[in-house]
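A short worksheet on the structure shown next.
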Amino acid sequence: MPYKILVLDDEEEIADLVEVYLKNENYTVHKFYTAKDALDCIDTTQLDLAILDLMLPGASGLSICQHIRQDHTYPIIMLTAKDAETDKITGLTLGADDYITKPFRPLELMARVKAQLRRYTRYNPVQAEEANSIIAYKGLVIDINSREALLDGSPLPLTPTEFSILRILCENKGNVVSSERLFHEIWGDEYYSKNNNTITVHIRHLREKLGDTIDNQKYIKTVWGVGYKTEK
């Protein structure tokens, strides 16, 4: 079954271009130029990924991102002309999984889309039967099969990227995992630089949900200059 991808951009030429490239990959595309029409689709259609412009008339991609995260965990890629670091951090903090600035290379966008879909669908029931699908750690329970996490019995509202980071760290208990390794395992591409703080932002947001603080890093510990780890 083809993946269903929502594209929202008020610049019709860009939305149309993205649609062409997605359809060339045999994805089903739900394309919109206005936030209102996109919201109707989000509320009535089972989607697998969303590509959102940040600047929209009458709304913002950030508000659409927040709306999606109220009920859905599929990946969100922000596509915007705004390249300020604060805009990127805000988008990631509100639940976006990746961020690409305009002008962009369509093939790079397709690589990001494929990487997000691979990560989101990596653990299906068949794979879960072949491996241990439950990870338990200090009151934290991660179900790889259902892609759900519980903390002291209560559901943790994690984005797909946050879930993947937590899973990788808990699968490597006692071992330091570098930001570069996390980036490559989650996104599966080569677009990493030491100045990329995407992982840092996701870690910070994940710590907030886990109740970690700088002085009390119960779940995710920082190994300065190296990466992150969970204790055995």
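The values are calculated or read from the model by the stated rules, or taken from the named source; none is laboratory data. Please read these numbers as outputs of a predicted model, since none were measured by experiment. As a convention, Cβ positions derive from the backbone with ideal geometry for all residues, glycine included, and neighbour counts pool all protein chains shown. Remember, those area values only see protein heavy atoms, side chains included, never the ligands or the DNA or RNA. Shrake-Rupley method; radii C 1.70, N 1.55, O 1.52, S 1.80 Å.
Details
- Residue match in the stretch 65-75 (condition: touching a residue at least 12 places away in the same chain (Cβ under 8 Å) and more than 17 Å from residue 91 (Cα to Cα)): no
- Of the helices (runs of 4 or more DSSP H) lying entirely inside the stretch 81-194, those containing at least 1 residues that are under 25 Å from residue 68 (Cβ atoms) and modelled with pLDDT of 75 or more are 85-93, 106-121, 160-171, 179-187.
Matching residues to (1) farther than 21 Å from residue 197 by Cβ; (2) charged (D, E, K, R):
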position	(1), (2)
10	yes, yes
21	yes, no
29	yes, no
33	yes, no
43	yes, yes
55	yes, no
61	no, no
97	no, yes
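- Condition check for residue 81 on (1) out of contact with any Phe, Trp or Tyr (no Cβ under 6 Å at 6 or more places or on another chain); (2) open to solvent by less than 50 Å² (accessible area, probe 1.4 Å): one failure, at (2).
- Hits in the stretch 32-60 (condition: under 22 Å from residue 163 (Cα atoms) and either touching a residue at least 60 places away in the same chain (Cβ under 8 Å) or open to solvent by less than 60 Å² (accessible area, probe 1.4 Å) (or both)): 42, 47, 48, 49, 50, 51, 52
- Test: residue in the stretch 27-50 that is under 22 Å from residue 92 (Cβ atoms) and assigned to a strand (DSSP E or B): yes
- Residue check for residue 15: buried (at least 21 other Cβ atoms within 10 Å of the Cβ) and in contact with a Leu (Cβ under 9 Å, 6 or more places away or on another chain): no
- Within the stretch 168-186, being open to solvent by 10 Å² or more (accessible area, probe 1.4 Å) and either farther than 15 Å from residue 197 by Cα or touching a Cys at 6+ places or on another chain (Cβ under 6 Å) (or both) holds for 171, 172, 173, 174, 175, 176, 185.
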